[in-house]
Amino acid sequence: MIASIRGKLIFKGKNDAVLEAAGVGYHVFLSRTAAELLANIGEEYHLLTYLDVKENSLQLFGFSDSREKEIYRLLISVSGIGPKIAHSFLANFTFEEIIGAISSGGRGFPVKIPGLGQKKLELISMSLKDKIFKIGYDGDLTTPLQAGVFETDTSRLEALSALMNLGYQRTEAEKIIREVLKSSESAKISTEELIRKSLEFISK
């Protein structure tokens, strides 16, 4: 298994790239975030990778961080979702958009993915909804989401998406939500309430 690769960028496509490491060029299919990070030909980059092995092909998929790699592994664990469709998710959507759509029953994707109808999206949501909150979410990627507070976790993801749609950067939005949750008197909080309190926190 090729778990990661560090090499010089020698080719860049829309959703793929070639990294040269120790004289070997590795063709890597990229997530949307990874594609944005690999900006300059000739520079050295490091990617986490997943090697898909089939009888007649080897395909390498690259990710910007461990959360993207884990959501990819979860997607391909769903019946009927292969590496190409899973890559299409990550090539078109950010980690937060995928998590938000899964937590909302598959209804939150801004664009359609070929070959995936609403029923398949609902299957993905049903299969992964309880698993996605084990993926690290804060800046510390080794820190899992708090277990056992499903409503708050869902609200947090949806509120994050709402703040980002309002133009806030992810790190800034996460900080606002953390501060609101710290000051919340209730162990559980709805999406609407979390968004309202976040906006109140911003206006202070």
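The values are calculated or read from the model by the stated rules, or taken from the named source; none is laboratory data. Note that the structure is predicted; figures quoted are calculated from it, not measured. Note that we place each Cβ from the backbone using ideal geometry, even for glycine, and neighbour counts take in every protein chain shown.
Only one residue in Asp65, Asp52 is closer than 18 Å to Ile135 by Cβ, modelled with pLDDT under 95 and of a type outside the set (Gly, Ala, Ser). Which one?
Exactly one residue qualifies, and that residue is Asp65.
Do you know which residues across the range 13-43 are of a type in the set (Val, Ile, Thr) and either without any contact (Cβ under 8 Å) to a residue 40 or more places away in the chain or under 12 Å from Phe61 (Cβ atoms) (or both)?
Those that are of a type in the set (Val, Ile, Thr) and either without any contact (Cβ under 8 Å) to a residue 40 or more places away in the chain or under 12 Å from Phe61 (Cβ atoms) (or both): Val18, Val24, Val28, Ile41.
Can you pull out every residue in the range 83-109 that is of a type in the set (Phe, Trp, Tyr) and assigned to a loop (DSSP other than H, G, I, E, B)?
Selection gives Phe93, Phe109.
Test Glu70 against the stated conditions and say whether it is assigned to a helix (DSSP H, G or I), modelled with pLDDT under 90, not assigned by TED's automatic domain parsing to the domain that holds Ala21 and not aliphatic (A, V, I, L, M).
Taking the combined requirement at face value, the residue does not satisfy it.
Kindly indicate whether Ile71 is under 9 Å from the mean Cα position of the chain (by Cα), in contact (Cβ under 8 Å) with a residue 40 or more places away in the chain and buried (at least 19 other Cβ atoms within 10 Å of the Cβ).
Spelling it out, Ile71 is indeed under 9 Å from the mean Cα position of the chain (by Cα), in contact (Cβ under 8 Å) with a residue 40 or more places away in the chain and buried (at least 19 other Cβ atoms within 10 Å of the Cβ).
Do we have Gly42 as touching a Lys or Arg at 6+ places or on another chain (Cβ under 7 Å) and loosely packed, with under 14 Cβ neighbours inside 10 Å here?
yes
Considering only the range 19-41, how many residues are closer than 24 Å to Phe93 by Cβ and acidic (Asp, Glu)?
1
Provide a single number: the residues in the range 8-49 that are touching a helix residue (DSSP H, G or I) at 6+ places or on another chain (Cβ under 6 Å) and among the basic types (Lys, Arg).
Here the count works out to 1.
Looking at Glu36 and the list (1) in the same structural domain as Ser127 (by TED's automatic domain parsing); (2) surrounded by fewer than 20 Cβ atoms within 10 Å (Cβ to Cβ); (3) in a helix (DSSP H, G or I), which single condition is not satisfied?
With respect to (1) in the same structural domain as Ser127 (by TED's automatic domain parsing); (2) surrounded by fewer than 20 Cβ atoms within 10 Å (Cβ to Cβ); (3) in a helix (DSSP H, G or I), Glu36 is out only on (1).
Could you check how many residues of the range 89-100 are small (Gly, Ala, Ser) and at pLDDT 90 or above?
1
For (1) part of a loop (DSSP other than H, G, I, E, B); (2) touching an Asp or Glu at 6+ places or on another chain (Cβ under 7 Å); (3) assigned by TED's automatic domain parsing to the domain that holds Lys14; (4) within 30 Å of Leu163 (Cβ to Cβ), each residue gets a yes or a no:
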position: Asn40; (1), (2), (3), (4): yes, no, yes, no
position: Tyr45; (1), (2), (3), (4): no, no, yes, yes
position: Val53; (1), (2), (3), (4): no, no, yes, no
position: Ile81; (1), (2), (3), (4): yes, no, no, yes
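Is it the case that Ala91 is among the hydrophobic types (A, V, I, L, M, F, W, C) and either out of contact with any helix residue (DSSP H, G or I) (no Cβ under 8 Å at 6 or more places or on another chain) or without any contact (Cβ under 8 Å) to a residue 60 or more places away in the chain (or both)?
no
Only residues that are closer than 14 Å to Ser77 by Cα and modelled with pLDDT of 80 or more: list them for the range 122-135, please.
Leu123, Ile124, Ser125, Met126, Ser127, Leu128, Lys129, Lys131
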